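Below is one structure, written out as structure tokens; comments come after it.
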Amino acid sequence: MAANNMVNPAVDPETEDELFNQEVEQIKQWWSDSRWRHTKRTFTPEQIASKRGNLKIEYPGNAQSKKLWNILENRFQNKDASYTYGCLEPTMVTQMAKYLDTVYVSGWQSSSTASASDEPGPDLADYPYV
């Protein structure tokens with residue numbers, strides 16, 4: 001018989017409550033960051049935690065957004081700007097990255113097939129479609 005690697009640790013109600021409370025505290029800690037100082041929220045941390053599933057997914061875009069936020073915050077504190085250019089394809093990014101701390105890549109550009117008709121290809125961003 002195969003080992004079950006998908007065992008849910010929150011089967012016991014007390015364990016489930018403890019995990020829920022930890023999740024709520026993590027949300028509160030995240031929201032206390034200065035990044036969210038001007039954000040008005042319509043939901044409580046408890047409401048957010050109650051809708052989350054048991055599988056934790058770390059999206060690549062999350063790491064990139066944190067990196068960009070830190071760059072912009074540091075530039076703002078130093079009263080400086082991040083000068084950038086638009087980029088159409090990956091080779092350009094590799095060359096630009098040596099000299100720029102930010103590069104703008106639009107959704108259309110990143111999904112374009114660069115065909116004669118300029119038909120966009122699939123958008124590979126990590127957000128859900130509505």
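Things to note:
- Only one of the numbered conditions (1) at pLDDT 90 or above; (2) under 30 Å from residue 27 (Cβ atoms); (3) loosely packed, with under 11 Cβ neighbours inside 10 Å is not met by residue 57, and that is (1).
For (1) under 27 Å from residue 73 (Cα atoms); (2) assigned to a loop (DSSP other than H, G, I, E, B), each residue gets a yes or a no:
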position	(1), (2)
18	no, no
28	yes, no
40	yes, yes
47	no, no
55	no, yes
61	yes, no
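- Conditions (1) modelled with pLDDT of 80 or more; (2) touching a helix residue (DSSP H, G or I) at 6+ places or on another chain (Cβ under 9 Å); (3) surrounded by 12 or more Cβ atoms within 10 Å (Cβ to Cβ); (4) not charged (D, E, K, R): number failed by residue 86: (3)
- Those residues of the stretch 73-94 which are closer than 18 Å to residue 106 by Cβ, assigned to a helix (DSSP H, G or I) and not hydroxyl-bearing (Ser, Thr, Tyr), in sequence order: 90, 92, 93
- Count of residues meeting criterion [surrounded by 11 or more Cβ atoms within 10 Å (Cβ to Cβ) and more than 24 Å from residue 70 (Cα to Cα)] in the stretch 23-42: 2
The values are calculated or read from the model by the stated rules, or taken from the named source; none is laboratory data. Everything numeric here is computed off the predicted structure, so don't read it as measured data. Cβ sites come from the backbone with ideal geometry, for glycine too, and all protein chains shown count toward neighbours.
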